[in-house]
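Just so you know, all these numbers are worked out from the coordinates, no wet-lab data involved. Since this is a predicted model, take the numbers as computed values, not measurements. Cβ placement follows ideal geometry from the backbone for every residue including glycine, while neighbour counts extend to all protein chains displayed.
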Ligand SMILES: C[S@@+](CC[C@H](N)C(=O)[O-])C[C@H]1O[C@@H](n2cnc3c(N)ncnc32)[C@H](O)[C@@H]1O
């Protein structure tokens with residue numbers, strides 16, 4: 001299989017990916033919408049291509065098909081590993097609620113709520129273990145995709161009095177709150193760039209002569225590569241230049257409040273380390289990682305790690321403060337301490353199941369060191 005590095009810039013025939021090949025009927029319209037966009041505007045950025053491939057309202061990967069996440073889907077997350085992740089986050093959030101003076105009316109805001117499983121785990125745990133906090137709780141899911149909003153409404157029927165699902169953060173009055181997002185930042189569209197030794201060029205997407213998508217050099221891109229170190233010719237990587245623009249509308253939904261961003265990624269020095277010459281872009285289909293992002297748009301996930309230094313800089317630039325940045329094992333082990341201390345002598349099947357869930361979330365060889373948690377406040 002070719003990788004990003006091998007893919008040539010200007011339509012080397014070996015790198016072309018035919019957009020007709022293997023497209024199922026359900027996604028057949030999307031490749032043609034992308035083709036039309038390129039025919040009308042010329043080559044597009046990879047960020048624009050990814051925006052359509054994942055979020056086209058009709059047949060983008062997240063909008064157009066069911067069940068991407070979990071055992072039957074394309075990838076696992078901490079949420080699909082079991083209910084403990086949500087239960088531990090619920091304790092952490094309830095602790096914040098108390099520290100914030102136990103506001104009568106407050107909200108939890110979630111992005112990327114997918115089928116609503118994390119929301120269900122958090123709401124159930126707060127209702128059971130923190131009934132005083134549950135009374136004034138409004139659970140807001142920010143969801144731009146109608147298919148997912150319907151799945152969330154369906155899964156969370158028993159919480160319909162608490163639940164608000166909206167695509168517009170601007171519609172929410174400021175309220176004390178806690179915002180959470182698991183694996184959302186890695187799903188945000190990004191730009192691809194490649195160094196020629198002196199200057200970073202943006203790599204976009206154009207049409208090949210034989211009805212395929214191919215890579216295309218869009219020229220020097222100083223505006224989006226300002227924070228990158230100089231790298232050797234051929235070094236290819238990804239950039240998300242506007243985390244601040246993404247975060248800004250969210251800040252007013254939690255006034256005052258905190259946010260917790262959970263994802264795989266690195267700080268900048270590690271992200272753009274010299275040996276990482278092909279970046280972190282991956283595709284996922286049926287639990288198999290791939291490296292052909294132009295292949296059959298709409299039918300596979302596209303993701304890249306998160307530059308957490310860029311996120312922390314963005315938080316600061318819009319008046320927030322990073323409180324913690326650590327791996328998932330450390331964060332969750334601290335949240336789990338009271339629960340773990342109370343387990344002595346318990347060997348019932350439910351406890352053993354939760355302990356296995358805890359191990360999946362925190363073991364360094366599983367999700368413990370790969371995932372990081374960034375908590376910030378305004
Ligand atoms: C990798 S999935 C993670 C799903 C879920 N949080 C979990 O951990 O199982 C990424 C999700 O983020 C959502 N997403 C991406 N950008 C978003 C945005 N701007 N607002 C809300 N959701 C977004 C996608 O629709 C998708 O459901």
* To do: Give me the angle, in degrees from 0 to 90, between the Cα long axis of helix 308-317 and the longest principal axis of the Cα atoms of the chain, rounded to the nearest 10.
  => 70 degrees
* Please give the helix 84-99 orientation as an angle from the longest Cα principal axis of the chain, in degrees from 0 to 90, rounded to the nearest 10. => 60 degrees
* For region 293-365 and region 174-206, compute the distance between their C-alpha centroids and round to whole Å. => 20 Å
* With no solvent and one equal point scatterer per Cα, compute the Debye intensity ratio I(q)/I(0) for the chain at 0.06, 0.13 Å⁻¹ and report its log10, rounded to two decimals. => -0.24, -1.11
* Asked: Got the relative contact order for the chain handy, in percent, Cα pairs under 8 Å and 6 or more residues apart?
  -> 21 percent
* Structure fact -> Between the Cα axis of helix 146-155 and the main Cα principal axis of the chain, the angle (0 to 90°, nearest 10) is 20 degrees
* If you take the alpha carbon radius of gyration of region 112-233 and divide it by 2.2 N^0.38 Å, what ratio comes out, to two decimals? -> 1.60
* **Structure-based [θ]222 nm, the chain - -39500 (n - 2.57) summed over DSSP H runs of at least 4, per residue, nearest 500** => -9500 deg cm²/dmol
* Only bridges with both residues in region 73-217 count here: give the DSSP antiparallel percent, nearest 5. => 40 percent
* Extension gain, residue 337 back to residue 55 (0.36 nm per residue minus Cα-Cα distance, nm) -> 97.6 nm
* With labels modelled as points extended 7 Å from the Cα through the Cβ direction, what inter-label distance (nm, one decimal) is found for residue 154 paired with residue 171? -> 2.1 nm
* **Fraction of beta bridges assigned by DSSP in region 169-293 that are antiparallel (%, nearest 5)** => 75 percent
* **Length-normalised contact order of region 290-378 in % [C-alpha pairs under 8 Å, at least 6 apart]** => 42 percent
* Who wins for biggest fluctuation among 321, 288, 346 in a Gaussian network model of the chain, springs between alpha carbons below 10 Å? -> 346
* Structure fact -> Note on the chain, DSSP bridge orientation, antiparallel percent to nearest 5 equals 60 percent
* Counting other C-beta atoms within 10 Å, which of 272, 178 has the fewest, and how do the rest follow? -> 272, 178
